[in-house]
Amino acid sequence: MRVVVLTGAGISAESGLRTFRDSGGLWEGHDPMQVATHEAYDADPDLVQRFYDERRAALLRAEPNAAHVALARLEEHLGDDLHLVTQNIDDLHERGGSRQVHHMHGRLRAAWCVACDRRHDWDGTLVDRPACPACGVRALRPDVVWFGEVPYDMETVQQALFDCDLFVSIGTSGLVYPAAAFVHFAIGNGADTLELDLDPPRVSDFATSIAGPATQTVPRWVDSLLSD
Ligand code: APR
């Protein structure tokens with residue numbers, strides 16, 4: 001069975017990382033247009049760098065949860081028949097054991113040098129304008145896809161959606177494109193669709209919606225899929 005799984009901030013909520021649109025979410029304290037666009041970065045680079053420096057520090061204190069671990073177990077059984085696509089910039093899928101993760105919105109623990117275009121794993125701060133390890137220029141930005149920029153791996157993801165038998169969305173509000181359109185591509189190719197969310201919308205595009213915290217619903221779903 002070919003499966004595409006899309007995850008959002010909800011899968012990392014129980015690891016202590018804030019979501020965006022839930023109460024107390026990141027967009028409550030920040031206007032996304034002030035911290036997650038290229039224009040915002042050009043206007044006030046320190047504000048944007050500090051926003052991501054703070055999240056990078058919080059991520060280093062977080063641990064993967066049972067939902068991340070369950071998806072790694074699914075990958076062990078499905079191998080290349082599983083495509084795990086995440087909107088999250090945290091690395092909890094990898095720390096939970098997943099080896100192949102499409103980070104369509106980039107990675108918080110990485111820096112992108114806009115002078116030489118190289119990317120580097122990065123756990124420190126960027127607001128202090130460190131030099132690029134490769135070219136020495138002080139031109140490192142977070143390797144994160146901002147609103148208005150092109151997400152990563154979209155051709156591979158698009159093909160996986162057209163080929164899959166099952167599309168599963170976990171912990172995302174489905175409000176941001178192109179991820180919000182994935183379910184329609186999957187339905188268009190005749191795939192079955194499943195949504196796992198703490199509080200799924202009453203009217204849903206998905207054939208099946210299961211409500212509950214990801215640390216309970218995801219392991220249960222993986223167990224049921226692997227026992228079929
Ligand atoms: N278990 C399962 N789902 C949860 C949990 C939980 N413990 N806690 C919250 N959720 C669900 C919420 O019900 C909601 O549907 O996670 C979703 C979080 O939605 P958002 O905060 O909008 O996060 P996300 O969908 O990932 O945002 C998508 O928007 O701002 C951009 O780039 C940013 O990648 C992000 C994108």
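The values are calculated or read from the model by the stated rules, or taken from the named source; none is laboratory data. This structure is a prediction, so every number in the text was calculated from the model and none was measured. Note that we place each Cβ from the backbone using ideal geometry, even for glycine, and neighbour counts take in every protein chain shown. Heavy atoms of the whole protein, side chains included, go into the accessibility calculation; ligands, DNA and RNA do not. Shrake-Rupley method; radii C 1.70, N 1.55, O 1.52, S 1.80 Å.
Within the stretch 153-180, the set of residues being more than 8 Å from the ligand (Cβ to nearest atom), in contact (Cβ under 8 Å) with a residue 40 or more places away in the chain and within 21 Å of Leu78 (Cβ to Cβ) comprises Asp153, Thr156, Val157, Ala160, Leu161, Asp163, Cys164, Asp165, Leu166, Phe167, Val168, Ser169.
Take Arg50 and decide whether it is basic (Lys, Arg), open to solvent by 20 Å² or more (accessible area, probe 1.4 Å), within 15 Å of the ligand (Cβ to nearest atom) and not assigned by TED's automatic domain parsing to the domain that holds Leu82. If you could, list the steps in order and put the result at the bottom.
Values: basic (Lys, Arg): yes; open to solvent by 20 Å² or more (accessible area, probe 1.4 Å): yes; within 15 Å of the ligand (Cβ to nearest atom): no; not assigned by TED's automatic domain parsing to the domain that holds Leu82: yes.
Against the criterion (basic (Lys, Arg), open to solvent by 20 Å² or more (accessible area, probe 1.4 Å), within 15 Å of the ligand (Cβ to nearest atom) and not assigned by TED's automatic domain parsing to the domain that holds Leu82), Arg50 does not qualify.
Here Val137 passes the criteria (1) more than 10 Å from the ligand (Cβ to nearest atom); (2) on the phi < 0 side of the Ramachandran plot; (3) not assigned by TED's automatic domain parsing to the domain that holds His120 except the one numbered (3).
Here's the yes/no breakdown for (1) under 20 Å from Arg21 (Cα atoms); (2) of a type outside the set (Asp, Glu):
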site: Gly136; (1), (2): no, yes
site: Met154; (1), (2): no, yes
site: Gln158; (1), (2): no, yes
site: Asp165; (1), (2): no, no
site: Ile170; (1), (2): yes, yes
site: Gly174; (1), (2): yes, yes
site: Asp199; (1), (2): yes, no
site: Arg202; (1), (2): yes, yes
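Tell me, which strands (runs of 3 or more DSSP E) lie completely within the stretch 166-228 with 1 or more residues that are in the same structural domain as Ile11 (by TED's automatic domain parsing) and touching a Pro at 6+ places or on another chain (Cβ under 6 Å)? If you could, list the steps in order and put the result at the bottom.
On the way: elements: 166-170, 192-197, 208-211.
Strands (runs of 3 or more DSSP E) meeting the threshold: 208-211.
Just give me the residues in the stretch 89-111 being within 16 Å of the ligand (Cβ to nearest atom) and touching a Leu at 6+ places or on another chain (Cβ under 8 Å), in sequence order. Full working, then the answer.
Start the filter on the stretch 89-111 by keeping residues that are within 16 Å of the ligand (Cβ to nearest atom), which leaves 89-93, 96, 101-110.
Hits for the stretch 89-111 are Ile89, Asp90, Asp91, Leu92, His93, Gly96, Val101, His102, Leu108, Arg109.
If you filter the stretch 195-209 down to residues that are closer than 25 Å to Gly96 by Cα and either at pLDDT below 95 or surrounded by fewer than 21 Cβ atoms within 10 Å (Cβ to Cβ) (or both), you find that the one that is farthest from the ligand (Cβ to nearest atom) is Ser209. Which members of the stretch 210-220 meet the condition of being more than 11 Å from the ligand (Cβ to nearest atom) and free of Cβ contacts under 8 Å to residues at least 40 places away in the same chain? Across the stretch 210-220, the qualifying residue is only Arg220.
Assess whether Gly10 counts as being in contact with a Ser or Thr (Cβ under 7 Å, 6 or more places away or on another chain) and open to solvent by 20 Å² or more (accessible area, probe 1.4 Å). Full working, then the answer.
Working: in contact with a Ser or Thr (Cβ under 7 Å, 6 or more places away or on another chain): yes; open to solvent by 20 Å² or more (accessible area, probe 1.4 Å): yes.
Spelling it out, Gly10 is indeed in contact with a Ser or Thr (Cβ under 7 Å, 6 or more places away or on another chain) and open to solvent by 20 Å² or more (accessible area, probe 1.4 Å).
Restricting attention to the stretch 2-34 and to residues that are near the ligand (Cβ under 9 Å from one of its atoms) and assigned to a helix (DSSP H, G or I), the residue that is nearest to the chain's Cα centre (by Cα) turns out to be Ala9.
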